[in-house]
Structures are given as C-alpha cells and as structure tokens.
Amino acid sequence: MPKIEAGSVREHRAQRLARLIDAAEELLAEGGVESLTAGAVAARAGIARNSIYRYFDSIEDLLELVVTREFPAWIAEVEQAVAAAATPEEQVVAYVRANLEQAARGTHGRRASLSRASLSPSTRERVRNLHTALHEVLARAVRELGRPQPELTVAVLQAVVDGCIRRIDQGDELATVSDFAAGAVRRLLAHDHR
C-alpha cells in the first residue's frame, strides 16, 4: 500500500485532489488551456503522471473540477446572507450583494471564460445546473414578494447581478458596484410594487 501523506486515506485523497486542481489552475493562469496536459499537471503537483487518473478520468474532468471548485462555498455564502435578511426585499438585496462579494473574492472571470470556451457540452450543462441552483435562492425570495410575473422579475434581477459581476471581473471596485446594484434592485422592486 502506498504511503499516505495525511491522517487517513480520505484526507490523503482530498489533499492530492486539491494539489492537482491547484496545479491545473496555475497552469491555466500561466498558459491557458493549451498548457493543461496530464504530464504538466502531474509534474506541477508532484504526483506521478499515471497516479493522477485515480482522481479524475480525463483532463476534461479536471477542467470541470477547476471551473466548479468555488461553487459550493459560493452557494453556501449566498444562502447564508439571504437567510439572515429580515424581509423578502432585503433577501433579494442580500442575494445581489453576496454574489458580488463572492465574485470579487474569487477567480470568477477566469472560470467563466473557461466555461465559455473550453468545456464540453455535457460539462457546460453541469455548470448551468449549478447556476440554476444558485438562481433558485433568488427565485424563492422573489416568490415570497407575491408580486406579478415572478419569473420575469428573477430574470431582470439576475441580469443586474450578471452585469455587475462582469464589471467586477473587469476591475471595478466592489463597494461601488455593490452599492449601485443594491440601489438599482431596490428601485426595481419599488417600481414592481406599484
């Protein structure tokens, strides 16, 4: 049995997988998708080339792990922010602000460009499903508002979030974008209420 580098086999595997994803992210940042080969990832992670396939089946699978890595924490942070808000209107504002904070904190821009350019159709579908799970947090808050056309309201509010995330990805200051988005959302919800 190979020597493990952690307290348990499970921890060892988790650490190795994290090293492989870290290595892939570094290679992608340095040289783009073309630099992502099994040999390069294995060398960067300090793992034998044939061992990396214990953690994923293909470079495409590794690319999916890179793109989706931040999703669980992102969704959890957004859900927590929304749950802490007192009213449905404030839940919507919390959704917007939490998404912008996550975008500013992580590597959303690079991951989004990978999603558009480098993933297979089936992997893109899995990424869409993760986005759908996140959007459902907004949809629940909008339904609680009890206003007409909740689906249209969600679509418009999500468009505000998406546009503001693009601004953050382009380097705009989080506080400025977040305050602008929160104000825009409050105005949209006030207008919708009339």
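The values are calculated or read from the model by the stated rules, or taken from the named source; none is laboratory data. Because the structure is predicted, anything quoted here is derived from the model rather than measured. Quick reminder, even Gly has a Cβ in these numbers, built from the backbone with ideal geometry, and neighbours come from all protein chains shown. Quick note on the areas: whole protein, heavy atoms, side chains included, nothing else; ligands and nucleic acids left out. Shrake-Rupley method; radii C 1.70, N 1.55, O 1.52, S 1.80 Å.
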> Expressed as a whole percentage, what fraction of the accessible surface of the chain belongs to carbon and sulfur atoms when a 1.4 Å probe is rolled over the protein heavy atoms?
Replying inline: 54
> Of all the Cα-Cα pairs you can form in the chain, what percent are over 21 Å apart?
Replying inline: 58
> How much accessible area per residue does the chain have, in Å², with a 1.4 Å probe?
Replying inline: 55
> Which value in nm describes the separation of the simple spin-label points at residue 60 and residue 73, placed 7 Å from the Cα toward the beta carbon?
Replying inline: 2.8
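Around residue 77, with a cut-off of 13 angstrom between Cβ atoms, what is the net charge of the other residues, counting Lys and Arg +1 and Asp and Glu -1?
Working: positive: 97, 105; negative: 70, 79, 101.
Residues close to residue 77 contribute a combined charge of -1.
Provide the FRET efficiency to the nearest 0.05 for the residue 90-residue 13 pair, computing r from the beta carbons and using R0 = 41 Å. Don't jump to the answer; show the numbers that get you there.
On the way: r = 41 Å, r/R0 = 1.01.
Efficiency for this residue pair is about 0.50.
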> Using alpha carbons only, how many degrees (0 to 90, rounded to 10) separate the axis of helix 59-68 from the longest principal axis of the chain?
Replying inline: 30
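Computed FRET efficiency, Cβ-Cβ of residue 184 and residue 124, R0 30 Å: what is it to the nearest 0.05?
Working: r = 29 Å, r/R0 = 0.97.
With a Förster radius of 30 Å, E is 0.55.
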>> So, R0 is 30 Å and r is the distance between the beta-carbons of residue 80 and residue 29; what FRET efficiency does that work out to, to 0.05?
In response: 0.55
> Can you give the angle from 0 to 90° between the axis of helix 108-117 and the longest principal axis of the chain, with both taken from C-alpha atoms, to the nearest 10?
Replying inline: 70
> Karplus couplings for the stretch 16-29 from phi (6.51 cos²θ - 1.76 cosθ + 1.60, θ = phi - 60°), rounded to Hz, Gly and Pro as x?
Replying inline: 5, 4, 4, 4, 5, 5, 4, 4, 4, 4, 4, 4, 4, 5
>> Taking 8 Å as the Cα distance limit and 6 or more residues as the minimum spacing, I'd like the relative contact order of the chain as a percentage.
In response: 19
> Karplus couplings for the stretch 154-161 from phi (6.51 cos²θ - 1.76 cosθ + 1.60, θ = phi - 60°), rounded to Hz, Gly and Pro as x?
Replying inline: 4, 4, 5, 5, 5, 5, 4, 4
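Once you have the Cα-Cα distance between residue 51 and residue 166, take 0.36 nm times their residue separation minus that, and quote the gain in nm to one decimal.
Numbers: separation 115, 0.36 × 115 = 41.40 nm, distance 3.76 nm.
Between residue 51 and residue 166, full extension yields 37.6 nm more.
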